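Enquirer: If you scroll down you'll find the structure; I have some questions about it.
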Amino acid sequence: MGNYPHYFIAIPLPESIQEQFAEWQSQLMKHIPLKRWYDKRDFHITLKFLGPVSDNQLTDLSRGLSDLELHAPFSLRVGKVGTFGSRKHPRVVWAGVEESEPLFLLKQTVENVTEMAGFPKENRPYRPHITLGKRWDNTNSKDMTEILASIKEPYRDIFTMEVAKAVLYQVEPEKKQKYKPVHTYSLLGKE
């Protein structure tokens, strides 16, 4: 689809939680060789990755996403470091998001709206998380199994955050802060 910018819909994190995860990240970086560690301003909980989006699709999408206002704000518990990929060489280091019915209902609304706007439905199970870093540095052959087991323990805290909005982000890969907020959708609990 041409050279259109990529977009995604996500829940931003409050500054206090960004700071906490950035602190964790600075310690984890010393032990886990990943190619990319995220800027704290880019920490988020993805609801839907869209990929390239045309201007026409963006207009349709923005109209449909106004349905998010029907959702009421809710609390969410986040924390605990985990990984995706092999224990030897993890491909993603993340902070977890506890299961939450309001979160899954919000995700479902996003799926419905994006599907109506012509985006493919996500068939994989939804595993909400906050990516701190990714892409194993292949030049490092160190087995991370024991290191991960020992360093995860201090990173088990759980934090509660209020979710009062979802944001449509544009990906700007050449910048330090790679995700630019384009539109914010407040969760108002409208009937």
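The values are calculated or read from the model by the stated rules, or taken from the named source; none is laboratory data. From a predicted model like this one, the values you see are computed outputs, not experimental measurements. Positions of Cβ are backbone-derived with ideal geometry, glycine not excepted, and every protein chain shown enters the neighbour counts.
Enquirer: Pick from the stretch 82-109 the residues that are part of a helix (DSSP H, G or I) and in contact (Cβ under 8 Å) with a residue 24 or more places away in the chain: which of them is surrounded by the most Cβ atoms within 10 Å (Cβ to Cβ)?
Expert: Across the stretch 82-109, the extreme among qualifying residues is Leu106.
Enquirer: Among the residues of the stretch 110-119, are any of a type outside the set (Asp, Glu), within 16 Å of the chain's Cα centre (by Cα), buried (at least 19 other Cβ atoms within 10 Å of the Cβ) and over 22 Å from Gln27 (Cβ atoms)?
Expert: Taking the stretch 110-119 first, the residues of a type outside the set (Asp, Glu) are 110, 112-114, 116-119.
Imposing the further condition that a residue be within 16 Å of the chain's Cα centre (by Cα) reduces the set to 110.
Imposing the further condition that a residue be buried (at least 19 other Cβ atoms within 10 Å of the Cβ) reduces the set to 110.
Among the residues that remain, those that are also over 22 Å from Gln27 (Cβ atoms) are: 110.
There is at least one residue in the stretch 110-119 that is of a type outside the set (Asp, Glu), within 16 Å of the chain's Cα centre (by Cα), buried (at least 19 other Cβ atoms within 10 Å of the Cβ) and over 22 Å from Gln27 (Cβ atoms).
Enquirer: Looking only at residues in the stretch 164-191 that are among the aliphatic types (A, V, I, L, M) and part of a strand (DSSP E or B), which one is surrounded by the fewest Cβ atoms within 10 Å (Cβ to Cβ)? Outline the logic, then answer.
Expert: Filtering the stretch 164-191 for residues among the aliphatic types (A, V, I, L, M) gives 164, 166-168, 171, 182, 187-188.
So of that shortlist, the ones also part of a strand (DSSP E or B) come out as 166-168, 171, 182.
Values: Ala166: 26, Val167: 19, Leu168: 22, Val171: 17, Val182: 14.
Result: Val182.
Enquirer: Is it the case, given these coordinates, that Leu132 is within 16 Å of the chain's Cα centre (by Cα), part of a strand (DSSP E or B), modelled with pLDDT of 85 or more and not basic (Lys, Arg)?
Expert: Here the answer is yes, as Leu132 does meet what is asked.
Enquirer: Quick one: is Thr59 free of Cβ contacts under 8 Å to residues at least 12 places away in the same chain and within 17 Å of Val182 (Cβ to Cβ)?
Expert: yes
Enquirer: Check Leu34, Leu50, Leu28 and return the single one that is touching a residue at least 60 places away in the same chain (Cβ under 8 Å), surrounded by 13 or more Cβ atoms within 10 Å (Cβ to Cβ) and closer than 20 Å to Leu168 by Cα.
Expert: Leu50
Enquirer: Among the residues of the stretch 144-163, is there at least one that is farther than 22 Å from Ser16 by Cβ, within 14 Å of the chain's Cα centre (by Cα), modelled with pLDDT of 90 or more and surrounded by 16 or more Cβ atoms within 10 Å (Cβ to Cβ)?
Expert: no
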